[in-house]
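Reviewing the structure listed below.
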Amino acid sequence: MHIKISIDLKSLSLNRVIRAFILADLLLWGGWGLIGPIFALFVVERIPGAGLVAVGSAAGIYWIVKSLVQIPVAIFLDRREGERDDFFVLVASLILVGFTAMAFLLVRSVGGLFLVTFLQAVAFAFYTPSWSALFSRHLDKDHCAFDWSLDSTSIGFASGATAFLGAALARIFGFPIVFILASALAFAGALLLLAVPNLVLPKPVRKSEQPFLRDHLPGEVQK
């Protein structure tokens, strides 16, 4: 028995909003993929008095704060009509992520490490619901699963590649270059989204013209 699977690649084309958001997500997580493999070593070697307990505590602070903050942020965004709030919260979160990556280079104490980690958690707590809300609204109606899977696959490959690259760069050039690149990639993601705001924030039209949609529905975005 033969099973034939036919895939029409043309039917899997992405609309412009989804492409932009996948690329922004890839830039962000690719940048933090640079930091992941060397973060514990960076903390132990560069911050006076820091050890494995400090590394574990920082990880705990990040996940607890992010988990607590992102729920009220999501509720707030859901209650706001339209996409304007989601869009600007998303851009602001990417900018804050970029600054926190650079801020780690300025940390000189365990307390400072915890403070920057707290800010990092807040930044990602704002990023997660705002990105997810916008991405969900603009999914291609005929292949939503493909859109989500493509995003997951792209950041998976990016994180894997940058994990190796981050460790190599830190060994050759030192820790600062890794955090600087992570910061630059987060800022690049923000600039990317700011370059195409009309895809998410359509310009208002006159009353005499057809009313514009506050939220694009899947399939309604020009490809």
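Run down Leu90, Leu119, Leu105 and say which single residue is part of a helix (DSSP H, G or I), under 30 Å from Arg137 (Cα atoms) and touching a residue at least 40 places away in the same chain (Cβ under 8 Å).
Going through Leu90, Leu119, Leu105 in turn, just one is part of a helix (DSSP H, G or I), under 30 Å from Arg137 (Cα atoms) and touching a residue at least 40 places away in the same chain (Cβ under 8 Å): Leu90.
Which residue pairs have Cβ atoms closer than 9 Å, lie 6 or more positions apart in sequence or on different chains, and pair a first residue in region 142-163 that is free of Cβ contacts under 8 Å to residues at least 24 places away in the same chain and within 19 Å of Ile35 (Cα to Cα) with a second residue that is among the aromatic types (Phe, Trp, Tyr) and assigned to a helix (DSSP H, G or I)?
That search, which allows pairs on different chains as well, returns Gly156/Trp29.
Please go through region 26-52 and pick out each residue that is surrounded by fewer than 13 Cβ atoms within 10 Å (Cβ to Cβ) and either under 19 Å from Met102 (Cα atoms) or modelled with pLDDT of 95 or more (or both).
Glu45, Pro48
Could you please give the count of residues in region 15-66 that are closer than 23 Å to Ser152 by Cα, of a type outside the set (A, V, I, L, M, F, W, C) and more than 13 Å from the chain's Cα centre (by Cα)?
7
Please go through (1) part of a loop (DSSP other than H, G, I, E, B); (2) under 12 Å from the mean Cα position of the chain (by Cα); (3) not aliphatic (A, V, I, L, M) for Asp140 and return the number of the only condition it doesn't satisfy.
(2)
Of everything in region 23-65 that's in contact with a Phe, Trp or Tyr (Cβ under 8 Å, 6 or more places away or on another chain), in contact (Cβ under 8 Å) with a residue 40 or more places away in the chain and of a type in the set (Val, Ile, Thr), which residue is nearest to Tyr127 (Cα to Cα)?
If we take residues in region 23-65 being in contact with a Phe, Trp or Tyr (Cβ under 8 Å, 6 or more places away or on another chain), in contact (Cβ under 8 Å) with a residue 40 or more places away in the chain and of a type in the set (Val, Ile, Thr), then Val65 is nearest to Tyr127 (Cα to Cα).
Please specify each residue of region 70-87 satisfying the condition of being farther than 17 Å from Leu199 by Cα, assigned to a helix (DSSP H, G or I) and more than 16 Å from the chain's Cα centre (by Cα).
Across region 70-87, the qualifying residues are Ile71, Pro72, Ile75, Phe76, Leu77, Asp78, Arg79.
Somewhere in region 63-82, is a residue in contact with a Ser or Thr (Cβ under 7 Å, 6 or more places away or on another chain) and either modelled with pLDDT under 95 or of a type in the set (Asp, Glu) (or both)?
Within region 63-82, one or more residues are in contact with a Ser or Thr (Cβ under 7 Å, 6 or more places away or on another chain) and either modelled with pLDDT under 95 or of a type in the set (Asp, Glu) (or both).
Within region 53-63, can you find the residues that are of a type outside the set (Ser, Thr, Tyr) and crowded, with 16+ Cβ neighbours inside 10 Å?
Those that are of a type outside the set (Ser, Thr, Tyr) and crowded, with 16+ Cβ neighbours inside 10 Å: Ala54, Val55, Ala58, Ile61.
Taking Ala58, is it at pLDDT below 95 and either farther than 26 Å from Ala133 by Cα or hydroxyl-bearing (Ser, Thr, Tyr) (or both)?
no
The values are calculated or read from the model by the stated rules, or taken from the named source; none is laboratory data. Here the structure is a predicted model, which is why all the values come from computation and not from measurement. Because the Cβ atoms are built from the backbone with ideal geometry, glycine has one as well, and the counts that use them run over all protein chains shown.
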